[in-house]
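Heads up, the thing below is written out as structure tokens.
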Amino acid sequence: MDFPQAEAVASRFEVLAESASTNAAMRLLSADAEAWPHLSVLLTENQTAGRGRLDRSWETPAGSALAISVLLRELPSQPEAIGWIPLVAGLAMADAVTVQLADHEVGVKWPNDVLVDGRKICGILAESTGSAIVLGSGVNTAMTAAQLPVPTATSFALLGRTCDADRLVADYLRRLDGLLSALRSWGDTDRSGVHAAVSARCTTLGKTVEVALPDGDILRGEAVRLEPDGRLCVRSDGEERLVAAGDVVHARLS
């Protein structure tokens, strides 16, 4: 598959016939900063041993999904802004998906899933290398119902569309680069407009949610806002609790 539009946006763009994990490969390659500059991309349609959040395995049949890893070196200097990178990636991918699925509801489920009509079409994983961040995303393109990892997922094919993969990746990279540039320039999520833009796309806000916390507890309540550092504020039993990490289930999907 050719990606002329995406290649024009990326600083370096490599398509792999097969990869165990594009994120793992990019982490190794990132040691060579000259060869792999900011906004370098690895992509495959055949990822055999991908990894999601909480070390979950992520495998898809060949040709059914895109695995995309983007290397970010030009990062915001403020620690709070760094925490927004998975959310920014979700917003960028949601905007890219909307271009091709404009007649559907596309949004971001905190912290890093892109949903179409309430069903997951893309997951995102950000991993630090120390001096850079590898941003991985997996987009369900041609996946059939039988191939879905969970019943609450979806794909372009199940929505009756053929994904223009080149345009999707190009649109994603442009939006991602623009949002990161705004964060770097303005120094915070409010003045850059990132907080408002992500909040507007975040389908978690205003919903009753269950959050599976890292310690095994379940927090139930209403998701009310995103904090300046990207944490989710949940109002439960009259108290507001801030969540830095956890799996969120929207009540209507549980």
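The values are calculated or read from the model by the stated rules, or taken from the named source; none is laboratory data. Because the structure is predicted, anything quoted here is derived from the model rather than measured. Using ideal geometry, Cβ is built from the backbone for each residue, glycine included, and neighbour counts are taken over all protein chains shown. Side chains are part of the model used for accessible areas, which takes the heavy atoms of the whole protein and leaves out ligands, DNA and RNA. Shrake-Rupley method; radii C 1.70, N 1.55, O 1.52, S 1.80 Å.
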Go through the range 120-137 residue by residue and tally those that are open to solvent by 10 Å² or more (accessible area, probe 1.4 Å) and out of contact with any helix residue (DSSP H, G or I) (no Cβ under 8 Å at 6 or more places or on another chain). 4
Identify, please: which residue in the range 210-224 is under 20 Å from the mean Cα position of the chain (by Cα) and buried (at least 16 other Cβ atoms within 10 Å of the Cβ) and is, among those, farthest from V248 (Cα to Cα)? A223
Any idea which residue in the range 66-86 is most open to solvent (accessible area, probe 1.4 Å), counting only those that are touching a Ser or Thr at 6+ places or on another chain (Cβ under 8 Å) and part of a helix (DSSP H, G or I)? E80
Scan the range 192-233 for residues that are touching an Asp or Glu at 6+ places or on another chain (Cβ under 8 Å) and over 19 Å from G107 (Cα atoms) and jot them down. A212, I218, L219, R220, G221, P228, D229
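Inspect all residues belonging to the range 98-107 and state whether any of them is within 28 Å of R27 (Cα to Cα) and touching a residue at least 60 places away in the same chain (Cβ under 8 Å). Explain how you work it out, then say what you get.
So the first thing to find is which residues in the range 98-107 are within 28 Å of R27 (Cα to Cα), and the list is none.
For the range 98-107, residues within 28 Å of R27 (Cα to Cα) and touching a residue at least 60 places away in the same chain (Cβ under 8 Å): absent.
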Unmet requirement for R231, which otherwise passes all of (1) without any contact (Cβ under 8 Å) to a residue 60 or more places away in the chain; (2) open to solvent by 70 Å² or more (accessible area, probe 1.4 Å): (1)
